[in-house]
Amino acid sequence: MKKTLLLFFFLLSIVANSQQITVSPAVFQVNEPITITASFTSSTCNTMGSSPAKVYMHSGIGTEANPWQTTKGNWGLDDGVGVMTKNGNGTWSITITPSVYFGLSSAQQTAATKMGLVFRNANGSQTLKLAPSCTDFFLNVGSFQVTLTAPAEDSNTIVSSGGSFNISATNTNGVATYTLKSNGTIINTSAGVSSYTFNHTNIIDNQSYELNVTQGATTVTKKFNVIVNPNTVSEAMPSGLVDGINYNATDATKATLVLDAPLKDFVYVAGSFNNWQPSSAYAMKKDPTSGKFWLELTGLVSGENNTYQYWVVDATPLANSPSMVKTADPYSTLVLSPYDDAGIPAASYPNIPVYPAGQNFEVTVLKTGQTPYNWQVTNFTKPEKDKLVVYEVLVRDFDAARNYQSLIDKIEYFKTLKINAIELMPVMEFEGNESWGYNTSFHMALDKFYGTSDKLKELIDLCHQNGIAVILDVALNHAFGRNPMVRMWMNDADGDGFGSPTAENPYFNTVAKHSYSVGEDFNHQSLKTQYYVERVVKQWIEEYKIDGFRWDLTKGFTQVCTAADEACTNRYQQDRVDILKKYADYSWSLDPTHYTIFEHLGSDAEEQEWANYKIAETPSKGIMMWGKMTDQYNQLSMGYPTENNISRMMSSSRGFTANRLMGYAESHDEERLMYKNVQYGNSSGTYNVKTLNTALSRMSAIGAVSLLIPGPKMIWHFGELGWDESIFTCKDGSVNDASGTLSGDCKLDTKPQPQWAENWLGNTNRNKIYYDWAKMINLKVTEPVFLGTATMANANTLTVNVKITNSNLAVTQLKDVLILANFDVTAKNVATGFQYTGTWYNLMDNTSMNVTDVNATINLAPGEYRIYGNKTANLAIPEFEKENSVNLYPNPVLNHFTLNIAPTKVHVYAISGQLVKSFSPNGNTDFQYGVSELKTGLYVVKAIDENNKVQVMKFIKK
């Protein structure tokens, strides 16, 4: 069964199952009206049920090679295009004239020989397809049809060198002309016949055949191949080679390819360097010791893009497995896709290499003589694990441009927020373009949709220049169907080039060994899989200077459970503990300070082993554990007293020796806190959490009782601005949270960009969260007290009380902190429990209060909080803003401002880092800086004097 995400590239020529669909008339011309009727009485290959509420026909028309050349319908939209009429007997019908319906030109009408059909519900989440293969339906168009009787269409027949090959075909509707081409050259013609036979003899090279059958103005084309067994040469592979591309260190005209393909008989390398027609010179040799195939390429041109695939051949394949698979290199670092590349904006990936014409499936790019990226930071010192505040980003949904440049342009946004790490959701080559990235197909290749390799490196380099680490989310539990290691050993009963792993597959399980399966399940006990994973780790650490990995779905790394046994999946599994420790060890062997984070969300016993692993080493290690606390914190933010025990935000509550819990109140996987606040929040009298601004006012307190808990913490992008749109927001703006009647939940849909389009930073209610959290994060990363331990007196109530102490600090330092918050919907006298009497300071503004009774209560309004310390703190205010030498007046600004200094140049920046205004006052102290056209929000001013000294300040534009 096809495992790619695309829906429209099924190229098999099959006839409709009369029990599922009927066409009247059965034989029709392209310009004749036809009625297509679909039956939903059978459940086979039918997820729409026997009585669907609405049925759409998604259809295409074209040639034998591509029946989907011209399509009709907008998948997932309930817009009436292709909607069918209910007949009342379990069937639905639609009447069309193909030439009119598809808007075909005269040339397209002449060429049309096949139609493709898929039937769907209104939102595209349910379909009816051809039983039993569950592929698309295909209809013959026209009375002239050709049947290839030998060999099978699109087949690969293996012959010995010097052997012969029989070809036969028949046609309907009278006589026709048959023209046979091989490797682009005509080798036989037969005219005025209705059947055809030919025997091609003395075949010594691989043959790509094309049989063109012409009747009148219509030509039908059938394609098939012959592969010559080259009698693989056994020869020792040069030492030091690794799987994939091995560039020659001294000779840019050479590169050596290595492929590990056990149980395969021979392999060719086809590519741009041999016009995709490999001769015996491109048959790979086989190393007698390792069994790996290898070949040195020569005559390459330095700096030139080459593309290639492997032709991997099994002369005696398993039933339903192909004899030959054309595949890109499993260890590709750049692939070109015939499915996705056309949808990549040139602005994101300029001068993208062109996919080679006439090929199918992904191809690998090989380029000798590449210029290495010029890193500005080569010795980045990572922030301590205990001080990490990670900003989780889906590049696709961070900015409307959806690329790395968007993040580069907004570096000031991250710096002002004070986060010290960015975690990118998967950017490895995934299927499709509009994706979260977890449907990975090539783990060592960078997906091109977000930008070039150098652009990602520029982003990482810039982050490092600003003290920000970069963490990569990696999905190594599984791979999807375009992955070469799936395709080389696959069941492909329908012959579409995609399938599920066979029992021979040395990398993947035939069925998942855990209950959270997506894609195809890696067998992590396989040494070949372990080698692959370590190569992936090495690529991203050494090539991209990635500071850490967040390992997705680590529950799937066991081999002892079944897909139906969730209890087993969630229990302690020794094989899983051991293999994940091995992967962590390998990461640390390359980079001793590498961050290793597991998304396990499992038992404390298993997570303790990882969190406490090698803590005592220098540098201290220990694996950070993903700590989901969304439900508990959302109960607080909504104002409900149940299920809100937040004590498990502390590492100690889970038995971790050190602070290795990366806790979070929001992540990409759970509903937004703010959305649930305004949809389901509590209310009392005039205080209503469902009111947007009221709900926003509670989010600063959420930051206080989450971000400041000792240990690494995480923010999901735009939580700091109070993102209130559901994660189930659909592309059309509707919300489908899967609780209603619709099946598709829209969770993975591309999201709108109100945070920029509506200038949320200029919204007082939203930017208060941003700046409050910035101060809190600054406290966390600069004040040693937050390296201490926490206790919670009221972890399961709406009046939260958190005490943080670092006993290693002197009494003259900020060593004790008390955090109070009232998440009720009425004012409360909140119990304090100060650690001792004396002067305490509100750490958000360093104002003082004298505590004479440690148990005195403090009255807090709904959503209000306090952060007290025994000493003042280093607030989140840059040093230049503490100086009194520069005065910007007035502030806030309506139309213009003045400065009390005489600069030569003045630049005004948006908080995102974009330059929006420049002035040249040339030392004039009376100069008025007009900003009336700027939108409401916060701006940064840089004033430069004649000595190039820079003064920086901020103003709010009203």
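Data for the structure
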read-out: Efficiency of FRET from Cβ geometry, Ser125 and Ala342, R₀ 30 Å, rounded to 0.05; value: 0.75
read-out: Amide H within-cut-off set for Val55, under 5 Å, with H built and near neighbours excluded; value: Met84
read-out: Lysine pair count for the stretch 888-957 [Cα-Cα under 17 Å; pairs on different chains or 8 or more apart]; value: 12
read-out: Chymotrypsin sites (Phe, Trp or Tyr not before Pro) restricted to the stretch 800-848 and DSSP loop, no more than 12 other C-beta within 10 Å; value: Tyr836
read-out: Euclidean distance between Cα centres, the stretch 261-334 to the stretch 65-89, Å; value: 40
read-out: Cβ charges +1 (Lys, Arg) and -1 (Asp, Glu), total dipole of the stretch 888-957, debye; value: 240
read-out: Likely footprinting exposure, Glu617, Glu153, Glu666, fewest C-beta neighbours within 10 Å first; value: Glu617, Glu153, Glu666
read-out: Tensor-based shape of the stretch 244-366 (alpha-carbon gyration tensor, a/c under 1.5 rounded, otherwise prolate or oblate); value: oblate
read-out: Ranked list, fewest to most other Cβ atoms within 10 Å of each Cβ, for Phe480, Phe380; value: Phe380, Phe480
read-out: Gained length - Lys731 relative to Ser239, 0.36 nm times residue gap less alpha-carbon distance; value: 171.9 nm
read-out: Exceeding the 22 Å Cα-Cα cut-off - candidates Lys628/Lys713; Lys387/Lys555; Lys713/Lys828; value: Lys387/Lys555; Lys713/Lys828
read-out: Dipole-positive endmost among Phe137, Ser51, Ile61 within the stretch 21-140 (Cβ charges, Cα centre); value: Ser51
read-out: Helix 527-542 vs. the chain, principal-axis angle (Cα, 0 to 90°, nearest 10); value: 50
read-out: Projected label distance in nm at Asn275 and Asn874, using a 7 Å step from Cα toward the beta-carbon; value: 6.8
read-out: Dipole magnitude of the chain about its Cα centre (Cβ charges: Lys, Arg +1; Asp, Glu -1), debye to nearest 20; value: 1100
read-out: FRET E, pair Ala152, Ala757, Förster distance 60 Å, beta-carbon r, rounded to 0.05; value: 0.65
read-out: Theoretical FRET efficiency, 1/(1+(r/R0)^6), r = Cβ-Cβ of Leu590 and Thr925, R0 41 Å, to 0.05; value: 0.15
read-out: Modelled label reach - Glu542, point 7 Å along Cα→Cβ, the stretch 231-251 residues with backbone N closer than 14 Å; value: 240-249
read-out: Cα lying deepest toward the dipole's positive end in the chain, options Ala357, Gly762, Leu601, charges on Cβ; value: Gly762
read-out: Correct option for percent of Cα pairs over 53 Å apart [calculated from the coordinates] among (1) 23; (2) 27; (3) 17; value: (2)
read-out: Linear extension gain, Asn891 paired with Glu534, 0.36 nm per residue minus alpha-carbon span; value: 123.0 nm
read-out: Solvent-free Debye scattering, log10 I(q)/I(0), computed from the Cα coordinates of the stretch 230-300 at q = 0.12, 0.13, 0.19 Å⁻¹; value: -0.30, -0.35, -0.75
read-out: Taking the stretch 145-229 and dividing mean pair separation by its residue count, relative contact order in percent (alpha carbons under 8 Å, at least six apart); value: 37
read-out: Relative exposure of Tyr516, Tyr413, judged by other C-beta atoms within 10 Å (fewest first); value: Tyr516, Tyr413
read-out: For His478, residues with placed amide H under 5 Å, excluding near neighbours; value: Phe522
read-out: Peptides ranked, highest mean first, by Cβ atoms within 10 Å: ranges 354-367, 383-396; value: 383-396, 354-367
read-out: Diffusion coefficient, µm² s⁻¹, Stokes-Einstein with Kirkwood Rh over alpha-carbon pairs of the stretch 21-140 at 25 °C and 0.890 mPa s; value: 170
read-out: Cα-based helix-to-principal-axis angle, 764-782 vs the chain, degrees rounded to 10; value: 80
read-out: Whole-angstrom gap from the stretch 421-472 to the stretch 139-183, using each part's C-alpha centre; value: 46
read-out: Largest-first ellipsoid semi-axes for the stretch 723-845, taking √(5λ) over the Cα gyration tensor eigenvalues, angstrom; value: 39, 19, 15
read-out: Virtual spin-label span in nm between Glu412 and Thr686, 7 Å along Cα→Cβ; value: 3.9
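Since every read-out is calculated from the coordinates, none of them should be taken as a lab result. What you see is a predicted model; the values in this text were computed from it and never measured. Cβ atoms come from the backbone with ideal geometry, glycine included; neighbour counts cover every protein chain shown.
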